[in-house]
Amino acid sequence: KLHSDLDKGVGTVKYTLSGDGAGTVFTIDETTGDIHAIRSLDREEKPFYTLRAQAVDVDTKKPLEPESEFIIKVQDINDNEPKFLDGPYVASVPEMSPVGAYVLQVKATDADDPTYGNSARVVYSILQGQPYFSIDPKTGVIRTALPNMDREVKEQYQVLIQAKDMGGQLGGLAGTTTVNITLTDVNDNPPRFPKSIFHLKVPESSHVGSAIGRIRAVDPDFGKNAEIEYNIVPGDGGNLFDITTDEYTQEGVIKLKKPLDFETKKAYTFKVEASNLHLDHRFHSVGPFKDTATVKINVLDMDEPPVFSKSMYTMEVYEDTPVGTIIGAVTAQDLDAGSSSVRYFIDWKNDVDSYFTIDATEGTIATNELLDRESTAQYNFSIIASKVSNPLLTSKVNVIINVLDVNEFPPEISVPYETSVCENAKPGQVIQTITAADKDLSPAGQRFSFKLSSEASNKPNFTVHDYRNNTAGIETRRNGYSRRQQELYFLPVVIEDSSYPVQSSTNTLTIRVCRCDSDGTIQSCNVEAIFLPVGLSTGALIAILLCIVILLVIVVLYVALRRQKKKDTLMTSKEDIRDNVIHYDDEGGGEEDTQAFDIGALRNPKVIEDNKIRRDIKPDTLRFPRHRPPAEDNTDIRDFINQRLKENDVDPSAPPYDSLATYAYEGNGSVAESLSSIDSLTTEADQDYDYLSDWGPRFKILADMFGEEESYNPDKVT
């Protein structure tokens, strides 16, 4: 209620209200100032309201007093029960845990005012789940209440928890939640076989490594605590079997390690032990965590294929053995109780198998064709044996036949030898060491022997010394040899092998007598030593040499003809001297052109002609050369010309005819003056060309040519 001191109760004062909830939650009587709540209040929604009130004049609407502020506080009552905001709960605890083992802590929340009364004081209790678990009434911690709770007996527990306010007193509000508790597994149980003896029946035809049966031990634990390891206890029959664990079913899988045979043993008995892999030391006192059972295996008789006495057969036969010769046999038996007969046949795969046949009843193998070791040294094929009572039951075995060598080739000298002996050789001197080779397959320990043939053993020239290690030495027996008396010696050497039958061959060694120095070093031999195989005669060698000589003669004649043909083409006529002129295609400026070249280099300082006569045309009159005083000798030019003249005289490639060469420089003071026809006299007078004969052999043809023309010229002027 609001009241102003200025209010006289005559209705001149009006009260107004503003602030939180004014008009919606609270209202005021304008005349009396009474404040009323117009709806229910919830402290948990809004614990207090701040309002402002004022008294104003009804007529003037002006405030009579300043605005005043006041707070309306909502007083709490116990209208909210405790709530588990995180429920329902899920928890776990290991089985066999001791009393008081911690499981979980729960918490309930009460929305009432904890500062006012006991409305928010919560107390916890268990409504369902006793006597297995307990809860602390103040903290809400849940713990185990019974010892040795076994997961294998009961695994899941559902506990109902209550939280009550007002300190748990009568009239308080309560809330509940559910806690689902699971006992986790520990390895507290050993594996146990459900029975002490397991019986298995196994066919004798079971393959090695195959599974022949399963046994299982039961472990009530879970997960890795239930993993079991199986082992065969050493004893009767245990070495034929093995056992492993199936990781999905935890069963013991028995496998076969060795083949079974009903005819040998019909039953086996052994023990199998099952134990846990992961042990918990807290439960060792309970006892050993393993169990043992007996396994009895009965072998079942099966109709089996025949069994060969060997896993592989190896036989030997000599080459060229007659067709039909028995070289060996295979044997197979039916080990079943019925003991059926066995039939044999060759597993035909290729044409090689046709070289042999087999007796279907006895199993003997014989040759079907002639064998050649040099063609095929080994044969490999398969023999199949089948039961007469059940031909579908077959077995196979490999047969290897080695073809043995028959001594059919004689030994021979391994390589051709070039043997020589010095003229000054001494008796007993080894001049050659020889070895032998045999085309046959030489067995270990085979040896070759060397000796002279019977006709050569009586001659005192050479002998053969067998070293007994498949080599032999050729030794001299004379004190010196003479090439003039005999240049070649032919030594027949007989070589024998040690196989049966003994094969031998005679090989001829050619020994050449050579001239040597005092140290035995060969200085000259006309023909190198050769080794003559048996059957090559001296006449054949002479014929070969004659053929070689004829070929050489043909080649020499061919080369000579080609050179003669070339010579004829270069010099076609001795009469036409213009063919011998070398054309340079370069026209000079004449005698007066001293800048182009100097022809004085060709002048002969020994001869002087008064008149320069042309050499390239026939002269009209004979003009004698004029003698001029010898000019100053040019030594350099003379030496140069003489050197070039000597080089051409000894040059084998120079043409055998005269030629005219033009030199670019002519020496001064030459008595022969120029050979050029440029400044020759043009008179019709004849000249005497006999001086050309004095110029040497290179001008001989030119001198003969002009001499002949002079003798036949009827108009010659003397």
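The values are calculated or read from the model by the stated rules, or taken from the named source; none is laboratory data. As the structure is a prediction and not an experimental result, all values here were calculated from the model. Counting neighbours? That spans all protein chains shown, and the Cβs are built from the backbone with ideal geometry, glycine included. These accessible areas exclude ligands, DNA and RNA; they are computed on the full protein's heavy atoms, side chains included. Shrake-Rupley method; radii C 1.70, N 1.55, O 1.52, S 1.80 Å.
Brief remarks on what is shown
- Per residue accessible area of region 307-404, 1.4 Å probe, in Å²: 54 Å²
- Centroid-to-centroid separation of region 298-344 and region 115-129 [C-alpha atoms, Å]: 96 Å
- Shape metrics for region 280-385, restricted to C-alpha atoms - Rg then Dmax, Å: 25.9, 86
- Overall dimensions of region 469-511, expressed as equivalent-ellipsoid semi-axes from the Cα gyration tensor (√(5λ), whole Å, largest first), are 29, 12, 6.
- Sequence of H281, H465, H3 from largest to smallest accessible area, 1.4 Å probe: H281, H3, H465
- Neighbourhood net charge (15 Å Cβ-Cβ; Lys/Arg +1, Asp/Glu -1) for D519: 0
- Estimated translational D of region 83-184 in µm²/s (Stokes, Kirkwood radius over Cα pairs; 4 °C; 1.567 mPa s): 92 µm²/s
- Percent accessible area from carbon and sulfur atoms, region 307-404, protein chains only, probe 1.4 Å: 50 percent
- With the simple spin-label model, which puts each label point 7 Å out from Cα in the Cβ direction, the E369 to H284 separation comes to 7.9 nm.
- For R52, the accessible surface of its heavy atoms amounts to roughly 90 Å² (probe 1.4 Å, protein chains only, rounded to the nearest 10).
- The heavy atoms of F409 offer some 70 square angstrom of accessible surface to a 1.4 angstrom probe.
- Note on V650 and S518: with the Förster distance fixed at 35 Å, the Cβ-Cβ geometry gives a FRET efficiency of about 0.20.
- Sequence-distant residues sharing a close amide H with R478 (under 5 Å, placed H): G428
- The figure for T178 is an accessible area of roughly 40 square angstrom, using a 1.4 Å probe on the protein chains alone.
- Couplings 3J(HN,Hα) for region 173-179, derived from phi with the Karplus relation 6.51 cos²θ - 1.76 cosθ + 1.60 (θ = phi - 60°), are 8, 9, x, 10, 8, 10, 10 Hz, where x marks Gly and Pro.
- Region 412-524, accessible surface, carbon-and-sulfur percent (1.4 angstrom probe): 45 percent
- Counting all C-alpha pairs of region 13-73, share separated by more than 15 Å (%): 51 percent
- Integer Hz, Karplus 6.51/-1.76/1.60 couplings in order for region 96-105, x for Gly and Pro: 6, 6, x, 5, x, 5, 5, 10, 6, 10
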